[in-house]
Amino acid sequence: MRLIMVGGPGAGKGTQAQRLNKALAIPWISSGDLLHRAIDANTPLGQRVAPVVAAGELVEDATMIELMRDRLQQPDARQGWLLDGYPRTAFQAEELDFLLDEIQQKVDWAIWLDVPKDILIERSLHRSRSDDNPDALQRRIELLYERTIPILDYYDYRQRLLKIDGYQPPDAVAADIRAALAGQ
Ligand code: AP5
């Protein structure tokens with residue numbers, strides 16, 4: 001199974017991805033985690049993206065596409081994966097499809113975790129990540145609406161979109177995702 005989790009900061013992508021990772025035994029690949037690990041390890045990539053991530057801006061498409069292209073071609077990703085936080089722009093979505101065409105794979109479902117804006121802010125401000133400060137968070141939410149929500153049409157048009165109410169307790173969200181996947 002090849003799944004994409006789409007949602008704003010604090011929508012619960014990581015929370016639900018962790019559960020699906022266990023239930024489906026497919027690698028959980030979080031673009032945010034890959035970037036945060038590079039930042040923590042102070043690699044050249046980490047040094048380059050650190051100020052961008054700290055400000056809540058999107059890392060440029062070319063960097064993200066190369067990073068995910070490498071990751072998706074690693075041996076553990078051959079039988080399936082769960083992408084958390086990628087793609088996040090129309091260009092990333094198109095490039096992902098180009099890559100998947102090349103390696104004869106396809107996205108099964110894009111899962112949209114729909115959570116009201118004020119709840120996204122409330123959940124994220126309860127954490128202590130450096131990019132969870134109010135200014136960066138505000139910018140991440142603006143970018144969600146400007147750059148990421150438009151890609152839902154891309155998957156909806158292909159009948160690959162599952163819309164899930166993410167404003168429920170985590171167990172209820174997980175149950176809705178399981179039911180939506182089972183119903184397809
Ligand atoms: P990323 O790490 O992907 O951050 P994000 O999308 O802002 O998502 P979060 O990790 O904040 O939230 P989440 O949805 O995973 O929620 P979680 O489950 O943790 O990206 C960070 C940065 O990297 C970006 O800003 C950008 O700069 C860069 N980047 C990443 N990908 C990129 C890309 N493709 N292109 C360009 N740049 C990119 O939950 C959050 C909190 O809510 C937790 O405390 C949790 O316990 C709680 N919670 C979760 N679900 C529930 C629930 N149902 N009810 C109550 N509380 C809940």
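The values are calculated or read from the model by the stated rules, or taken from the named source; none is laboratory data. Source: prediction; values computed, not measured. Here the Cβ positions follow ideal geometry from the backbone for every residue, glycine too, while neighbour counts run over all protein chains shown. Please note that ligands, DNA and RNA were not included when accessible areas were found on the heavy atoms of the full protein model with its side chains. Shrake-Rupley method; radii C 1.70, N 1.55, O 1.52, S 1.80 Å.
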From the options Ile119, Ile65, Ile103, Ile111, residue that is free of Cβ contacts under 8 Å to residues at least 60 places away in the same chain, out of contact with any Lys or Arg (no Cβ under 7 Å at 6 or more places or on another chain), among the aliphatic types (A, V, I, L, M) and surrounded by 14 or more Cβ atoms within 10 Å (Cβ to Cβ): Ile65
Pairing a residue in region 12-34 that is open to solvent by 50 Å² or more (accessible area, probe 1.4 Å) with any residue that is in a loop (DSSP other than H, G, I, E, B), where Cβ atoms lie under 6 Å and the two sit 6 or more apart in sequence or on different chains, gives Leu24/Met1
Of the residues in region 69-99, how many are within 12 Å of the ligand (Cβ to nearest atom), hydrophobic (A, V, I, L, M, F, W, C) and open to solvent by 10 Å² or more (accessible area, probe 1.4 Å)? 2
Failed criterion for Asp165 (all others in (1) farther than 20 Å from Gln16 by Cα; (2) open to solvent by 60 Å² or more (accessible area, probe 1.4 Å); (3) in contact with a helix residue (DSSP H, G or I) (Cβ under 8 Å, 6 or more places away or on another chain); (4) not basic (Lys, Arg) hold): (1)
Any residue in region 143-150 that is closer than 15 Å to Leu3 by Cβ, β-branched (Val, Ile, Thr) and within 11 Å of the ligand (Cβ to nearest atom)? no
Given (1) within 10 Å of the ligand (Cβ to nearest atom); (2) hydroxyl-bearing (Ser, Thr, Tyr); (3) assigned to a helix (DSSP H, G or I), Tyr155 misses just (1)
Is at least one residue of region 101-111 in a helix (DSSP H, G or I) and touching a Phe, Trp or Tyr at 6+ places or on another chain (Cβ under 6 Å)? no
Taking interchain pairs and intrachain pairs at least six residues apart, which have beta carbon atoms under 8 angstrom, with the first residue in region 125-139 and closer than 15 Å to Gly8 by Cα and the second acidic (Asp, Glu) and open to solvent by less than 90 Å² (accessible area, probe 1.4 Å)? Leu125/Asp132; Leu137/Asp131; Arg139/Glu57
